[in-house]
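Working notes, beginning with the structure itself.
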Amino acid sequence: MKSREEAFAILKKYNSSENLIRHALSVESVMRNFARHLNEDVEYWGIVGLLHDIDYEMYPEQHCKVAPKLLKENGFDDQFIHAVVSHGYQICCDVEPVLPMEKVLYTIDELTGLITATALMRPSRSLDDLKVKSVMKKWKTKGFSQGVDRDLILQGCSMIPMELSEVITLSIEGMRTIQQQLGFNSLAG
């Protein structure tokens, strides 16, 4: 198993976009929080989240298709590769999420984008005061974050299985742990 530092270096080898790196960090933080909540391997889940879009910047048209080669070249095993690629199920690949970790990744990947957009619209530009009901309100607003596939997130919630509000809660909590790295304000002073 690679260390978190090694995994981050691998991410940066293939991704230079600040937005993509922040997205990877968001997904990592949420995966770590879910792993804690479900008594799973926090480091492993985190690294899967960190590297889930390893091929996206360089190969956007082949997303989840080039990832196996890049991950294999960097020493990751087939189980890790399956976990990473499964987040693209029915979007850009046919690798189905089977393990709890894979189902969580599939569910929260796009949700982190909705949470980010919601927090950035707030006067505080912080996750500290972001409530689930604020995210739910934006969820129901048709024109808000149109790129976020809400049906996919709901499908993921049923796979886990968890209520959407609980998934949003755990996602916000995870992202709060690194909010300054993600570009949000901290209200803690």
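The values are calculated or read from the model by the stated rules, or taken from the named source; none is laboratory data. Just so you know, these numbers come straight off a predicted model, no measurement behind them. Please note: Cβ atoms are built from the backbone with ideal geometry, for glycine as well, and neighbour counts cover all protein chains shown.
Observations, loosely collected:
- When Ile81 is tested against (1) touching a Leu at 6+ places or on another chain (Cβ under 7 Å); (2) farther than 30 Å from Leu127 by Cα; (3) surrounded by fewer than 16 Cβ atoms within 10 Å (Cβ to Cβ), only condition (3) is not met.
- Failed item, numbered, when Leu164 is tested on (1) surrounded by 19 or more Cβ atoms within 10 Å (Cβ to Cβ); (2) closer than 23 Å to Asp128 by Cβ; (3) under 14 Å from the mean Cα position of the chain (by Cα): (3)
- Residue in the stretch 90-111 that is farthest from the chain's Cα centre (by Cα), counting only those that are within 25 Å of Met136 (Cβ to Cβ) and not in a helix (DSSP H, G or I): Gln90
- For the stretch 7-25, a tally of residues being surrounded by 21 or more Cβ atoms within 10 Å (Cβ to Cβ) and more than 15 Å from Val84 (Cα to Cα) returns 0.
- The residues of the stretch 115-134 that are of a type outside the set (S, T, N, Q), buried (at least 22 other Cβ atoms within 10 Å of the Cβ) and either on the phi > 0 side of the Ramachandran plot or in a helix (DSSP H, G or I) (or both), listed by number, are Ile115, Ala119.
- Residue check for Ala35: at pLDDT 95 or above, of a type in the set (Gly, Ala, Ser), assigned to a helix (DSSP H, G or I) and closer than 24 Å to Phe184 by Cα: yes
- Count - residues of the stretch 38-57 that are surrounded by fewer than 21 Cβ atoms within 10 Å (Cβ to Cβ) and assigned to a loop (DSSP other than H, G, I, E, B): 5
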